[in-house]
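Engineer: Dropping a structure here in structure tokens format, bear with me for questions.
The values are calculated or read from the model by the stated rules, or taken from the named source; none is laboratory data. Bear in mind that the values here come from a model prediction, so they are computed numbers and not experimental data. Using ideal geometry, Cβ is built from the backbone for each residue, glycine included, and neighbour counts are taken over all protein chains shown. Surface areas here come from the heavy atoms of the whole protein model, side chains and all, with no ligands, DNA or RNA. Shrake-Rupley method; radii C 1.70, N 1.55, O 1.52, S 1.80 Å.
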Amino acid sequence: MRDDRNKWRAPSAFSNKVTVGALTMAQQTLARQTLVSGVRVHAGAGVASQVVSWPDPAHGDSYAVGLRRDQVLMVNGLSLPDGWDAQARQAVSDMTDGFVVYDLSGPRALQVLQRGADITDGVPSASALRRLFGLDVVLYRIGGPDRFRMHVERARAQALQEALESAMGFVGRKAD
Amino acid sequence: MTGRRLASGGLIDRKAPLRLRFDGRPYGGFAGDTIASALLANGVRIVGRSFKYHRPRGVWGAWVDDPNAMMTVRLNGREMPNVPAATTPLEDGMDVRAVNAWPSAKYDVKGGLDLFHRWLGAGFYYKTFIWPDWHLFEPAIRKMAGLGHVSDAVYDDYVSDQVNAACDVLVIGGGPAGLIAARTAAERGEAVTLVDDHPDVGGSALQEVAIAGADPAKWVTAQKAAFVAAGGQVLVGTTAYGVYDHQLVGLIQQFGFGAAPRRWRMRARRIVLATGALDRPVTCANNDVPGVMSLQGAADFVTRYGVLVGQRMAVVANNAAAERAVAVLDGAGGRIRRVDPAKGAVTVHGRRGVAGISQKGTRRYADTVLMSGGLTPLVHLWRHAGGKLDWCPDRQAYLPGKSPVDMVAVGAANGTFDLEQALEEGQTAGAGRSVTRGPTDYHLTPLWPKPGSAGRQWIDFQHDVTLKDVEMAARENYVSVEHLKRYTTLGMAADQGKTANMAGLAAMASVQGVSIPEVGTTTFRPPFVPIPIEAFHGQHAKTQWAPVKRLPLEDLHRAADAALCEYGGWLRPGWYGQGDQTALIAQEAVMARTHVGVFDGSSLGKIAVMGPDAKAFLNFVYYNTITTLKPGHLRYGFMLTEGGVVYDDGVVACLSPESYIVSCSSSHTDGVLRHLEAWRQDGNDPDRIFVHDTTQAWATVTVTGPKAREVVAALGVACDLDKAAFAHMTLRETTWQGDALRIARVSFTGDVSFEISVTASKAAALWEAVIAAARDHGGGAIGLEAVSILRAEKGYIMVGKDTDGETMPHDLGFWAPRQKKTTAFVGDRSLRSENANRTSRKMLVGLRVQDGAAALATGAHVVLPGGEVSLGYVTFSYDSPTLGHPIALALVDNGANRHGEGVEAWHMGSRQSVTICAPCFYDAEGEKLHA
């Protein structure tokens, strides 16, 4: 096999915060991320008061993000035991260590994302799952129109960060 | 004297002089020039050579329709080939050389090839180079083929920006019709993007005397200002190169020479096509001589660049639209002689430049011949979108017919060459109403190639396709236009049919004695103009192209001097330390066999399957029986495709009757997840089964070897590790340092092994603790290469390495489930097929070499002694450091029933005697595994 250690930037070489002009990308630490699946997770089964979809922003520290008709990602929600909850009829997996979370903010942040996804405000979606720069990402607004949050598989975090840094470079130096 | 710069006029900045060199000679130009306009202004006639005969070529058109002036340009240390001179803005210091010519376009040494043109007609190499062998000639022909040569230099900053965008209305073309359409739509409140490939909008407006009673330039400025004020977006220097499904339009935005273009993937709710029309060449004798140009192009050179392309110009035109261009040239001081092609065949004289024109035996002097054989609407994008074309006998052109979804053509692109009508169409389209093409004042006398007429008459200037080539193609039965195109290369490459296609179609129609619409058109395909390949990937390249997955422990592996290699999409340690790779790997394998080895198994899949039907579901997707699996126990099993082929092997862990973990192969996690999700939703109740991929949330450290139990014990986990209490293929859930911990007693090496899993954020602490404990017992970290040897010694397979696209579980020795399992499972039926039960199936075996022989080559064929027919092949081979002799696994026909048979391994012409044996070389009784 070929030793490719120098081909790939070491994880420790990635900065937790990158700023290009008015754009900022910063890694976030969340207290808890929980994947919950069940027939009623969208219908107020007690997982969260708000289920976030696109393009509306999430508000507050605790919320649920809609992924599929029967699946949400709870952010900073209640601590639930992993496995099948027969009473609530829902499957639970703690994914706090499974997803790395980035926030991208700035007045042209959406343009950064548009380097990696066919995404506009004009096409709403109940699911926050996106293919961003070829990677599966949970993507939604948080707090307002110019701040976006991305949850990406831990193993793909460096790939997403590298792609975002490249795209931020394009938007940052864009003249028009 | 030929072309010259006019004292005034054009859009150039005369206060900004620029320098360029062309084929080594210095010239001057102005900001706002293209390379082509600057060369014409300096009187340069020969700007290139044709592809095949190396005939001298001059500029034909003023924009994308020019097929002749292709350059290699060097500026600021950056060199680019195949730069179209007619569309590339001039920049100061450009060093320009014609492609396909040496030492210069004017004195090209290969110009003599034209003397042999009688033997070099269309398809000559198909016929000439058959004997004795095409491959003898191919290298030389390949070397001569193509136009520019790509520089060896790599420009790291030449990365194309990739933008996804959307709009309500996309207007393509900023001429009068496009401008008014864009403004109208924007003022209705729609989000409108207007694109034009020129440096500014205006299009053909510049050739008009007045538009809506106003000065054309002022009218354009006013329209643009109103459009922008209404919220419209203008993208100039931007070409729409293709239309794709779901209203996706590809746009290329240029930023000058040497800068990577930006690619827009624009989704438009509706599209207004205002791309205009092009002049057609007139097919006559010697119509390729430098100085023969498009009439509209010549007018464009006047109005855009202040360049008069000739002094004594013969105009050969057959249509009413020519009058406007003639007026422009006349106003610029050109001496114009009209030649009516309807009065007889025309012949152009001259070789390196126009020296005259004759008709009916009368020759007249001219230094330039301007041609207009009729206008051809630019309908490329219309066809990309699936729009139909209708033949218009009045206009002698294909016009947009049945519309594709939400696309409308206006102005000249719609065959509406009258300005007032074009403006009306633009306004109608901008308002979102349907456009009806009205009657036209445009008229022309049909002027098409006449087969059998005298002289060499060019149809495709770039590729040297002549009328005689088309006639020959017809004689040889290449009568379909698609065959004609490929046989003659007509309309290929940069031209994409802009100048060549109509004449080619008409010639074929005439040869066959049918009408032009009966011949039809070739398929229009993107891109409309040449585009750098770079524009299609941008940042999606190098490490951003298929990035590897990263382990949570990667930094620790790097600190331990791990060689990091790509295994199934993951970056994992191959071995540790510096020095001889083979020796290091062997040391790690021996260490694991004699003491203890620790490896990072975090990449193993950990897919949670939960719900009331989880057990039945897993029983369905696995070849092996899962219904008997109890909490705290593990089961090795195969996942099959519907064809019964082994898709993945892995271990299922039962946490509770309604909660399971599927630990699949590292490289198959994403695929297995999709596989499970697909079957969950097909034939099962998706409300009673849920699948979560938790692979990334957990990290796994695997401890293997005779000292493994002692190492795990040293961690102080609350778990009885005694072999009776914690048997092979069982699982314990406990805690370590207050956090959840799972220990699975499962082995991929054949020795006692424990897979210890913690949440990923605790992985570093666990790894360091395990490594410290392993060192105390003479062990340490091992990489995947050592693991691969250990598993092969035991005969454990790697799916995809020791299996192929036909391997079924019984080929690997796993017969029982299909004989005993009574419930349905994926792949069940296929295992009962005749193919599945052939005795000649390739089955997994081991191969023993003779004493002292070297290890076999992986991939070597297994053949009978002296035989040449492959019975199978070696899937893995290594000189086992544990056993002291080479081992090999192979897939061999009927292998399970051939143990003990002597065969040969054939590789690259050499043979080696081997004996087929069972695929297990280590601890066949399993004493060490269960120790």
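Engineer: Among the residues of segment B:554-588, what is the count of those that are of a type outside the set (A, V, I, L, M) and over 12 Å from A:M1 (Cα atoms)? Let's see the steps before the verdict.
Structural biologist: Step one: filter segment B:554-588 for residues of a type outside the set (A, V, I, L, M), giving B:554-555, B:557-558, B:561, B:565-570, B:572-582, B:587-588.
Applying the additional criterion that residues be over 12 Å from A:M1 (Cα atoms) yields B:554-555, B:557-558, B:561, B:568-570, B:576-580, B:587-588.
Adding up the residues that qualify gives 15.
Engineer: Consider B:T488 carefully, then state whether it is in contact with a helix residue (DSSP H, G or I) (Cβ under 9 Å, 6 or more places away or on another chain) and closer than 15 Å to B:Q462 by Cα. Working first, answer last.
Structural biologist: Numbers: in contact with a helix residue (DSSP H, G or I) (Cβ under 9 Å, 6 or more places away or on another chain): yes; closer than 15 Å to B:Q462 by Cα: yes.
So B:T488 passes the test.
So that you can scan it fast, the table gives a plain yes or no per residue for (1) touching a Phe, Trp or Tyr at 6+ places or on another chain (Cβ under 7 Å); (2) open to solvent by 20 Å² or more (accessible area, probe 1.4 Å); (3) at pLDDT below 95; (4) within 14 Å of chain A (Cβ to nearest Cβ):
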residue	(1), (2), (3), (4)
B:V272	no, no, no, no
B:T275	no, yes, no, no
B:D288	yes, no, no, no
B:L308	no, no, no, no
B:A314	no, no, no, no
B:D330	no, yes, no, no
B:G334	no, no, yes, no
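Engineer: Exactly one condition in (1) of a type outside the set (A, V, I, L, M); (2) more than 9 Å from chain B (Cβ to nearest Cβ); (3) under 22 Å from A:L35 (Cα atoms) is false for A:E153; which is it?
Structural biologist: Going through (1) of a type outside the set (A, V, I, L, M); (2) more than 9 Å from chain B (Cβ to nearest Cβ); (3) under 22 Å from A:L35 (Cα atoms) one by one, A:E153 breaks only (2).
Engineer: Considering (1) open to solvent by 10 Å² or more (accessible area, probe 1.4 Å); (2) within 22 Å of A:W84 (Cβ to Cβ); (3) part of a strand (DSSP E or B), say which one B:D682 fails and leave the rest.
Structural biologist: (3)
Engineer: While we're here: Check B:T839 against each of (1) part of a loop (DSSP other than H, G, I, E, B); (2) open to solvent by less than 50 Å² (accessible area, probe 1.4 Å); (3) over 30 Å from B:E588 (Cα atoms); (4) touching a helix residue (DSSP H, G or I) at 6+ places or on another chain (Cβ under 9 Å) and name the one condition it does not meet.
Structural biologist: So B:T839 meets the others, but not (2).
Engineer: Right, another one. Pick from segment A:119-131 the residues that are surrounded by fewer than 22 Cβ atoms within 10 Å (Cβ to Cβ) and within 16 Å of the chain's Cα centre (by Cα): which of them is nearest to the other protein chains (Cβ to nearest Cβ)?
Structural biologist: Step one: filter segment A:119-131 for residues surrounded by fewer than 22 Cβ atoms within 10 Å (Cβ to Cβ), giving A:119-127, A:129-131.
Next, only the ones that are within 16 Å of the chain's Cα centre (by Cα) stay: A:119, A:125-127, A:129-131.
Working: A:I119: 7, A:S125: 14, A:A126: 17, A:S127: 14, A:L129: 13, A:R130: 11, A:R131: 11 Å.
The residue in question is A:I119.
Engineer: Filter the strands (runs of 3 or more DSSP E) completely within segment B:884-927 down to those with at least 2 residues that are closer than 23 Å to B:G750 by Cα and either assigned by TED's automatic domain parsing to the domain that holds B:G859 or not β-branched (V, I, T) (or both). Can you show your working first?
Structural biologist: Values: elements: B:886-893, B:902-907, B:910-917.
Hits in segment B:884-927: B:886-893, B:910-917.
Engineer: Give segment A:158-176 a look and list any residue that's at the interface with chain B (Cβ under 8 Å from one of its Cβ atoms) and surrounded by 23 or more Cβ atoms within 10 Å (Cβ to Cβ), or say none. Steps first, answer last, please.
Structural biologist: Taking segment A:158-176 as the starting set, the residues that turn out to be at the interface with chain B (Cβ under 8 Å from one of its Cβ atoms) are A:158-159, A:162-163, A:166-167, A:170, A:174.
Result: A:Q158, A:A163, A:A167.
Engineer: Need the failing condition index for A:T34 against (1) within 12 Å of chain B (Cβ to nearest Cβ); (2) open to solvent by less than 50 Å² (accessible area, probe 1.4 Å); (3) at positive phi, just the number.
Structural biologist: The failed condition is (3).
Engineer: Do you know which of the residues in segment A:70-79 that are in a loop (DSSP other than H, G, I, E, B) and not acidic (D, E) is nearest to the other protein chains (Cβ to nearest Cβ)? It would help to see each step written out before you state the result.
Structural biologist: Just the residues of segment A:70-79 that are in a loop (DSSP other than H, G, I, E, B), to begin with: A:70, A:76-79.
Right, trim to not acidic (D, E) and you get A:76-79.
Numbers: A:N76: 16, A:G77: 15, A:L78: 17, A:S79: 12 Å.
Filtering first and then ranking leaves A:S79.
Here's the yes/no breakdown for (1) of a type in the set (K, R); (2) open to solvent by 30 Å² or more (accessible area, probe 1.4 Å); (3) in contact (Cβ under 8 Å) with a residue 12 or more places away in the chain; (4) over 20 Å from B:N287 (Cβ atoms):
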site: B:A473; (1), (2), (3), (4): no, no, yes, no
site: B:V481; (1), (2), (3), (4): no, no, yes, yes
site: B:R486; (1), (2), (3), (4): yes, yes, no, yes
site: B:M492; (1), (2), (3), (4): no, yes, yes, no
site: B:N501; (1), (2), (3), (4): no, no, yes, no
site: B:G504; (1), (2), (3), (4): no, no, yes, no
site: B:G513; (1), (2), (3), (4): no, yes, no, yes
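Engineer: Follow-up question, since we're still on this one. If I ask for residues that are closer than 30 Å to A:F133 by Cβ and in contact with a His (Cβ under 8 Å, 6 or more places away or on another chain), which ones from segment B:146-190 would you list?
Structural biologist: Result: B:S160, B:Q162.
Engineer: Given the criterion assigned by TED's automatic domain parsing to the domain that holds B:A181, surrounded by 15 or more Cβ atoms within 10 Å (Cβ to Cβ) and outside any strand (DSSP E or B), identify the matching residue among B:L251, B:L206. Even if it seems obvious, please write down each step before you answer.
Structural biologist: Working: B:L251 fails: outside any strand (DSSP E or B).
Answer to the selection: B:L206.
Yes/no matrix, rows are residues, columns are (1) touching a residue at least 24 places away in the same chain (Cβ under 8 Å); (2) open to solvent by less than 20 Å² (accessible area, probe 1.4 Å); (3) assigned by TED's automatic domain parsing to the domain that holds B:G291:
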site: B:F51; (1), (2), (3): yes, no, yes
site: B:P56; (1), (2), (3): yes, yes, yes
site: B:A62; (1), (2), (3): yes, yes, yes
site: B:E79; (1), (2), (3): yes, no, yes
site: B:T87; (1), (2), (3): yes, no, yes
site: B:L90; (1), (2), (3): yes, yes, yes
site: B:W119; (1), (2), (3): no, no, no
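Engineer: Is there a residue in segment B:842-852 that is open to solvent by 60 Å² or more (accessible area, probe 1.4 Å) and in contact (Cβ under 8 Å) with a residue 60 or more places away in the chain? Spell out the reasoning first.
Structural biologist: Quick first cut of segment B:842-852, residues open to solvent by 60 Å² or more (accessible area, probe 1.4 Å) only: B:842, B:848, B:850-852.
Imposing the further condition that a residue be in contact (Cβ under 8 Å) with a residue 60 or more places away in the chain reduces the set to B:848, B:850.
Among the residues of segment B:842-852, at least one is open to solvent by 60 Å² or more (accessible area, probe 1.4 Å) and in contact (Cβ under 8 Å) with a residue 60 or more places away in the chain, which makes the answer yes.
Engineer: Do any helices (runs of 4 or more DSSP H) entirely within segment B:758-834 hold 3 or more residues that are in contact with a Cys (Cβ under 7 Å, 6 or more places away or on another chain) and either modelled with pLDDT under 95 or open to solvent by 50 Å² or more (accessible area, probe 1.4 Å) (or both), and if so, which?
Structural biologist: Values: elements: B:763-776, B:784-794, B:816-820, B:828-831.
Ranges flagged: none.
Engineer: Something else about it: For B:G491, which of the numbered conditions (1) of a type outside the set (K, R); (2) within 14 Å of another protein chain (Cβ to nearest Cβ); (3) in contact with a Gly (Cβ under 7 Å, 6 or more places away or on another chain) fails to hold?
Structural biologist: (2)
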